[in-house]
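Note sheet for the following structure.
The values are calculated or read from the model by the stated rules, or taken from the named source; none is laboratory data. Note that the coordinates shown come from a computational prediction; the quantities given were computed from them, not determined experimentally. No Cβ is skipped: glycine too gets one built from the backbone with ideal geometry, and neighbour counts run over all protein chains shown. What goes into the accessible areas is simple: the full protein's heavy atoms, side chains included, and nothing from ligands, DNA or RNA. Shrake-Rupley method; radii C 1.70, N 1.55, O 1.52, S 1.80 Å.
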Amino acid sequence: MTIYAALIALAACAQADELRIDANGTALELDIRRLGAAAYVPLQPAADAFNAKLEPLPDGSLNVCIGQFCVNVRLDGSDQRVLQTERGVYASASRLPELLNAHFGWNETAQTPALLPGAAPTRSIQPGERMPDIALPDLDGEQIRLSSFIGKRVALYTWASW
Amino acid sequence: MPGWQAFYEKHRENNVIVVAAAIDIQGAEAARPYIEAADAEYVNLIDANNLLGELFGLRAVPNTLLIDEKGRFVGKASQQEAEVWAQTPVGAPIEKADPAPATSLKAVEALSRALPYDAALHTLRAELYEREGEAERALNAYERAVKLDAKDARRRFRYAKLLLQLNRKKEAAEQMKAALKLDPKNYIIRKQIWAVENPERFYNGGIDWGWQRRQTESGE
């Protein structure tokens, strides 16, 4: 083997070009695109597994909808969650859960990562949206879930010692 | 936390509660004296990771955020607006939702091995190691993420919090300063740096506001 061939073999070992993942019970092998320090995979097959509809909007953005739950993504390059390619819309692998109201679980049978229904706590929120179920400790270190206040109206006051 | 005990007493009959959260990278011990002095009946929580700051896009404190009885975010409000909101009638109580599912560390480790250049996966891995109390692994994962992508303020802030927990103050301050450069208008990060580097201005008998003003004016 020439040094060049060895280098190519090494590169192939280090970086997969397909990602095996189970999406809502469907085994997928997704093509991988790298952009800087982020990996992207095709959105459509994962969306199909969740019966999610991809709805283009007049402003050029895209709604990813499961029933009444929609996430809006911009395709103009300003939205790191998605990447427009000549083969369609790709989604950031780490942020697929956010787009599909899902979370990363483990598929024991296939021994692969799995996308499972139900969102893990999210990062940002707009008025009208449901609060993610964040847990924060009290002074005694006991974790209090925000979902434990459901049924009451909450005035949440944020402050700091500084 | 001025006025919130009175607010709580006035509105609790109307199904309104007060939850106060201290956004404090230094954790419960920095917040404890203030909470104990307030001697309030409402819920007090500690948000050392600035989770609420990220969630609501906060760049300064204090803030009042209103959440309805179905767990939906209503909006940011002044204390006066909160008074009006608290007096409006409420709907019938509803059933509690199931808690959000937890992300599998094993899955994120596998994804991170398959996609070793992906900074966000290393960050997610670090956050899950923190959840498991595996500080060393979390540090390594944050370090890799920051090396791959230096331009994420949130990542650096969380990395800084972990460093501070391990009493590595100098490195924590470096990460916080890098985070502030990426998000210069974020006063949560800015003042947190001051509090870590100059505790005597904050925790010895009251906050030195004149010093803070001079800090701001000098661009520190």
| Which residue out of A:L43, A:L54, A:L115, A:L28 is open to solvent by 40 Å² or more (accessible area, probe 1.4 Å), modelled with pLDDT of 95 or more and on the phi < 0 side of the Ramachandran plot? | A:L54
| request: Filter the range A:131-151 for residues that are buried (at least 19 other Cβ atoms within 10 Å of the Cβ) and more than 7 Å from chain B (Cβ to nearest Cβ) and give the result. | output: A:L146
| Among residues of the range B:27-48, those that are more than 7 Å from every other protein chain (Cβ to nearest Cβ) and either crowded, with 20+ Cβ neighbours inside 10 Å or among the charged types (D, E, K, R) (or both), counted | 5
| query | B:A110 versus (1) part of a helix (DSSP H, G or I); (2) under 24 Å from A:Q143 (Cβ atoms); (3) of a type outside the set (K, R); (4) touching a Pro at 6+ places or on another chain (Cβ under 7 Å): which is the lone unmet condition? | reply | (2)
| Subset tally (residues that are under 17 Å from B:E9 (Cα atoms) and among the hydrophobic types (A, V, I, L, M, F, W, C)) for the range B:67-87 | 4
| Just checking, which of B:G3, B:G57 is within 7 Å of chain A (Cβ to nearest Cβ) and on the phi > 0 side of the Ramachandran plot? | B:G57
| said: Which numbered condition in (1) surrounded by fewer than 20 Cβ atoms within 10 Å (Cβ to Cβ); (2) of a type in the set (F, W, Y); (3) in contact (Cβ under 8 Å) with a residue 40 or more places away in the chain is the only one that B:W211 fails? | reply: (3)
| task | May I ask you to verify whether A:P58 is out of contact with any Ser or Thr (no Cβ under 6 Å at 6 or more places or on another chain) and under 27 Å from B:A126 (Cα atoms)? | result | no
| Taking the range A:66-106, which residues are open to solvent by 30 Å² or more (accessible area, probe 1.4 Å) and under 22 Å from B:E127 (Cβ atoms)? | A:Q80, A:R81, A:R95, A:E98, A:N101, A:W106
| Just checking, which of B:A77, B:A22 is in contact (Cβ under 8 Å) with a residue 12 or more places away in the chain, crowded, with 21+ Cβ neighbours inside 10 Å and at the interface with chain A (Cβ under 9 Å from one of its Cβ atoms)? | B:A22
| note | Subset of the range B:119-154, residues surrounded by fewer than 22 Cβ atoms within 10 Å (Cβ to Cβ), among the basic types (K, R) and part of a helix (DSSP H, G or I), comes to B:R131, B:R137, B:R144, B:K147, B:R154
| field | Matching entry among B:G71, B:G53, B:G57 (being over 25 Å from B:E132 (Cα atoms) and surrounded by 15 or more Cβ atoms within 10 Å (Cβ to Cβ)) | value | B:G71
| request: Within the range B:135-154, track down each residue that is under 19 Å from the mean Cα position of the chain (by Cα) and of a type in the set (K, R). | output: B:R154
| remark: Of the listed residues (A:V154, A:V89), the one being β-branched (V, I, T) and more than 7 Å from every other protein chain (Cβ to nearest Cβ) is A:V89
